[in-house]
1. Out of Lys5, Lys45, Lys36, which single residue is modelled with pLDDT under 75, more than 27 Å from Lys106 (Cβ to Cβ) and among the basic types (Lys, Arg)?
2. Does Val138 satisfy the condition of being touching an Asp or Glu at 6+ places or on another chain (Cβ under 6 Å), surrounded by 19 or more Cβ atoms within 10 Å (Cβ to Cβ) and assigned to a strand (DSSP E or B)?
3. What single numbered condition from (1) in a loop (DSSP other than H, G, I, E, B); (2) at pLDDT below 80; (3) loosely packed, with under 11 Cβ neighbours inside 10 Å fails to hold for Lys19?
4. Condition first: assigned to a loop (DSSP other than H, G, I, E, B) and either surrounded by 20 or more Cβ atoms within 10 Å (Cβ to Cβ) or within 9 Å of the chain's Cα centre (by Cα) (or both). Now tell me which residues in the stretch 102-118 satisfy that.
Amino acid sequence: MKIDKKLIKELVDNLDEFKLTELEYQSGETKIKVSKASKTSVATKISDNVISNNKAVLNESEEGIRIKSPIIGTAYLAPEPGAKQFVQIGDKIKKGQTIMIVEAMKTMNHVPSTSEGIVKSILVKDGQPVEFGQTLIVLK
């Protein structure tokens with residue numbers, strides 16, 4: 001098997017562009033996984049546990065229904081800058097209600113709630129990069 005250095009370089013560039021620590025690519029039987037260790041990953045995790053209004057966000061062991069990101073991209077908590085957020089802590093939401101937008105490749109993707117409940121915590125900040133499967137919101 002010949003190694004496609006151009007593809008690997010492109011994947012590594014995507015790690016930097018989307019501020020990811022790991023990326024996996026598969027085409028047919030070829031599977032490539034690139035990752036990098038970062039000295040700032042601990043600091044990033046700590047800063048991600050506090051949202052912009054300085055209310056503490058509980059950690060990943062928090063009990064509740066988790067709504068996860070369906071794609072890699074940039075999370076936006078409001079439909080446009082300066083607008084009211086889609087949801088806030090304490091809001092009662094319905095299944096299918098938009099909880100935020102994740103922008104990927106210049107496309108705004110509305111993320112619907114997968115369940116009914118009350119917003120217990122918001123685990124991402126506005127404009128923060130998110131990964132596929134990352135928990136965005138926890139519901140009671």
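The values are calculated or read from the model by the stated rules, or taken from the named source; none is laboratory data. The structure displayed is predicted, hence computed values, not measured ones. Cβ: placed from backbone, ideal geometry, glycine included. Neighbour counts: every protein chain shown.
1. That would be Lys45, the only listed residue that is modelled with pLDDT under 75, more than 27 Å from Lys106 (Cβ to Cβ) and among the basic types (Lys, Arg).
2. yes
3. Lys19 satisfies every listed condition except (3).
4. Ser113
Quick grid of which residues meet (1) at positive phi; (2) at pLDDT 90 or above; (3) surrounded by fewer than 16 Cβ atoms within 10 Å (Cβ to Cβ); (4) outside any loop (DSSP other than H, G, I, E, B):
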site	(1), (2), (3), (4)
Glu60	no, no, yes, no
Glu63	no, no, yes, no
Thr74	no, yes, no, yes
Pro81	no, no, yes, no
Lys84	no, yes, yes, no
Val87	no, yes, no, no
Lys120	no, yes, no, yes
